[in-house]
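Below: one structure, written as structure tokens.
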Amino acid sequence: MAPTYPFSEADGLTLDPTYERLRRDEPVSRVTYPYGGEGWLVTSYEETKFVLGDPRFSRALTVGQDVPRMQPLIAPGGSILTHDGADHARMRRLVSKAFTVRRIEELRPRAQQITDELLDRLDNPGDLVEGFTMPFPITIICELLGVPFEDREEFRGWSNQVLATIGGHTPEEAMHGMMKLHAYFVELVAKRRAHPTDDLMGALVAARDNDDRLSEDELVRFGITLLVAGHETTANMLANSVITLFEHPDAMKSLQDDPEKLPNAIEELLRYIPLGSGAGFPRIATEDVQVGNALVKRGDALLVVASSANRDETMYANGAELDLEREVGQHMQFGHGIHFCLGSQLARMELQVALGTLLRRMPGLRLAEPVEFRKGSLVRGPLRLVVAW
């Protein structure tokens, strides 16, 4: 039987040393996943980029199938995350105009206003997670989508269930979270149809009703995907970035002294920080394919570990070290290929505004309590981040 994966429980922002050995000796290896049995694990940069960019590895073939995976939930259909080819391109075209560089830059002043308002209210000492890093991206994605911010506690709980891995929520709880999110967006779509709006969900409803380009289920699942991905990843990446800078005080001081370094520093933080607790979403080979050292057979499942690829020494010298002066190039935090993160520009802008403002307004920012990290989730991040300044 192949080794059990994950190799150990995610420990804060530390990567299991097994990844380094595998990148060197066996970058494509067989493991046994928490759900669905054995599959391939891809840990190196070159092979990760290859798998994510090659259409012979299908996300659509995971729909409704008990394939090797990290999560208890079996992938439902109708999501942009589980479409390939023309179907994926059709869905991506509909929403991509909301995430262009120009559109994101138009949101920057509002992001700055939200940041300042939240930091004005933050206690000293105070919990940065509840007071800032979580409500900041939630407010932005709610306004962008047209989701009521006052519902945040409900959908945060549901999204935590959906993002559960082994040791988190049970399969039944994960399904409950998905059903609640589904029902929530069914109702929201009905409201947008009865009372059209100019937010993103309103635009998607209009596209579905006028041109019949989205099915009802696709419309609902689009909302779920954008809402969950739009706040969970950025909120935890922001908190993890603050923690990482606390652990590297020289890097933190260099950013405070020279804010112009921030955009490149954020790319290095995105590369360096293991945001995912393990491998990502599974893909199924549609034919026999040689991937690095392994012949992957038709029907086999592959999962890539972006956090490991981002530390690959053949791509990044001293990849296990944080170096804010590094020329990062293309890291894998946002993926690669057709499923490259739609919200990457939004996330970058949010991180620039939030981190830049924290460093400027709170030059004495420091950790006030030991950090406890969440467990049993696809996304790493602190439960609380109590700081003082």
message: Pairs please, first residue from region 172-194 and farther than 16 Å from residue 221 by Cβ, second anywhere and at pLDDT 90 or above and not small (Gly, Ala, Ser), Cβ atoms under 8 Å, 6+ apart in sequence or on different chains.
response: none
message: Regarding region 98-120, can at least one residue be identified that is over 29 Å from residue 367 (Cβ atoms) and among the polar types (S, T, N, Q)?
response: yes
query: What is the residue count in region 292-314 for residues that are of a type in the set (A, V, I, L, M, F, W, C), buried (at least 21 other Cβ atoms within 10 Å of the Cβ) and more than 28 Å from residue 382 (Cβ to Cβ)?
result: 3
- prompt: So which of 376, 343, 337 ends up being under 30 Å from residue 49 (Cα atoms) and modelled with pLDDT of 95 or more?
  reply: 337
query: Do we find that residue 71 is out of contact with any Cys (no Cβ under 9 Å at 6 or more places or on another chain) and at pLDDT below 95 in this structure?
result: yes
field: So residue 115, is it surrounded by 14 or more Cβ atoms within 10 Å (Cβ to Cβ) and in a helix (DSSP H, G or I)
entry: yes
- line: Within region 315-337, the residues that are surrounded by fewer than 19 Cβ atoms within 10 Å (Cβ to Cβ), small (Gly, Ala, Ser) and at negative phi are 317, 320
- prompt: When you scan region 141-150, how many residues do you find that are buried (at least 23 other Cβ atoms within 10 Å of the Cβ) and either in contact with a Pro (Cβ under 6 Å, 6 or more places away or on another chain) or in a helix (DSSP H, G or I) (or both)?
  reply: 1
statement: Within region 338-383, of all residues that are surrounded by fewer than 17 Cβ atoms within 10 Å (Cβ to Cβ) and within 22 Å of the chain's Cα centre (by Cα), the one nearest to residue 260 (Cα to Cα) is 344
query: What pairs can you find where one residue is in region 366-389 and without any contact (Cβ under 8 Å) to a residue 12 or more places away in the chain, the other is assigned to a loop (DSSP other than H, G, I, E, B) and crowded, with 21+ Cβ neighbours inside 10 Å, and their Cβ atoms are less than 8 Å apart, with a gap of 6+ or different chains?
result: 374/380; 374/381
- line: Within region 159-190, restricting to residues that are loosely packed, with under 14 Cβ neighbours inside 10 Å and at pLDDT 90 or above, the one that is farthest from the chain's Cα centre (by Cα) is 190
query: For residue 269, which of the numbered conditions (1) in a helix (DSSP H, G or I); (2) within 30 Å of residue 189 (Cβ to Cβ) fails to hold?
result: (2)
- request: Return yes or no: is residue 342 assigned to a loop (DSSP other than H, G, I, E, B) and either closer than 17 Å to residue 237 by Cβ or out of contact with any Gly (no Cβ under 7 Å at 6 or more places or on another chain) (or both)?
  value: yes
statement: Across region 287-315, the tally of residues that are among the small types (Gly, Ala, Ser) and assigned to a loop (DSSP other than H, G, I, E, B) stands at 2
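The values are calculated or read from the model by the stated rules, or taken from the named source; none is laboratory data. Here the structure is a predicted model, which is why all the values come from computation and not from measurement. Virtual Cβ from ideal backbone geometry, glycine too; neighbours counted across all protein chains shown.
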